[in-house]
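The values are calculated or read from the model by the stated rules, or taken from the named source; none is laboratory data. All of these numbers come straight from a predicted model, not from anything done at the bench. Quick reminder, even Gly has a Cβ in these numbers, built from the backbone with ideal geometry, and neighbours come from all protein chains shown. Just the protein is used for accessible areas: all its heavy atoms, side chains included, with ligands, DNA and RNA removed. Shrake-Rupley method; radii C 1.70, N 1.55, O 1.52, S 1.80 Å.
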Amino acid sequence: MKKIIVIILVCLGGFSAEAQTLETFFTQADSFFKTYVKNGRVAYSEIKKEPSTLNEVLKTAEGISVSKTDAKNYQAFWINAYNLSVIKGLVDNYPTSSPLNDKGFFDKTKYNLAGKKLTLNSIENDLLRAQFKDARFHFVLVCGAVGCPPLINKAYLPSTLEAQLQKQATLAINGDYFIKVNNKKKQVKGSKILEWYKEDFVVNGQTEIEYLNRFRTTKIPTDFKLSYFEYNWNINKP
């Protein structure tokens, strides 16, 4: 009986430690974004001068354990981990004018996260997109460029994640930086994200315009012609 109690207590202690570490990560990430992000722009020069806060939250992220069966914790962790790693990559190469200036920025440079060594592409494509088939990830994963949807100045949290995903998708699709509608010419121009990740937006037989209309206040006529404007790869600094 005593052995059983000890085993239970050890197991509960392990779960508590994991939950506490994850909570610490979210708290640190939230504080970091509140300090260094404003109006979708990141204060890279300030972080470069004093990188300890960024390094601390990424150090915490190394020891995190998350499972996709706990979807909200899993998704919130990897979204924040991606955005923090992008900032880390740009800070390490700062001053720089674009993430593309660093060859292999997305597919070669690896980050120590949750006991794994991962590239940014692996986080986005393997751990998030492939697992959950949710196109709204494209509105919260921020690649460090002006062409990306803007980075918010708070962490994505499991308790608020659904509302945050919905809000960021709605803001992007109703704004003029992600799509531009010309009613006179019956045209709509969209971000290259719609082209690069077309498979995410046309699931269940819908078109890209039909997907956009799920979030649009003013619906786009489905007979409008869709094209794509060039992506702005300039760094998202103030």
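Those residues that are aliphatic (A, V, I, L, M) and either farther than 25 Å from K180 by Cβ or in a loop (DSSP other than H, G, I, E, B) (or both), I need them from segment 96-124; list them, please. Scanning segment 96-124 gives L113, A114, L118, L120, I123. A count restricted to segment 23-66 and to residues that are more than 17 Å from the chain's Cα centre (by Cα) and open to solvent by less than 40 Å² (accessible area, probe 1.4 Å) stands at 5. Contact map, segment 210-238: first residue among the hydroxyl-bearing types (S, T, Y), second residue surrounded by 14 or more Cβ atoms within 10 Å (Cβ to Cβ) and assigned to a loop (DSSP other than H, G, I, E, B), Cβ cut-off under 8 Å, separation 6 or more or different chains; pairs are Y211/V202; Y228/S191; Y231/G147; Y231/S191.
Within segment 93-112, the residues that satisfy the criterion of being open to solvent by 90 Å² or more (accessible area, probe 1.4 Å) and free of Cβ contacts under 8 Å to residues at least 40 places away in the same chain are N101, K103, K108, K110. Can you tell which of K167, K186, K154, K192 is closer than 30 Å to L22 by Cα, of a type in the set (K, R) and in contact with a Phe, Trp or Tyr (Cβ under 6 Å, 6 or more places away or on another chain)? K154 is the lone residue from the list that is closer than 30 Å to L22 by Cα, of a type in the set (K, R) and in contact with a Phe, Trp or Tyr (Cβ under 6 Å, 6 or more places away or on another chain). In this structure, L127 does not satisfy being touching a residue at least 40 places away in the same chain (Cβ under 8 Å), in a loop (DSSP other than H, G, I, E, B) and under 18 Å from the mean Cα position of the chain (by Cα). Taking segment 135-238 and the helices (runs of 4 or more DSSP H) fully enclosed by it, the elements with 3 or more residues that are open to solvent by less than 30 Å² (accessible area, probe 1.4 Å) and farther than 30 Å from T35 by Cβ are at 208-213.
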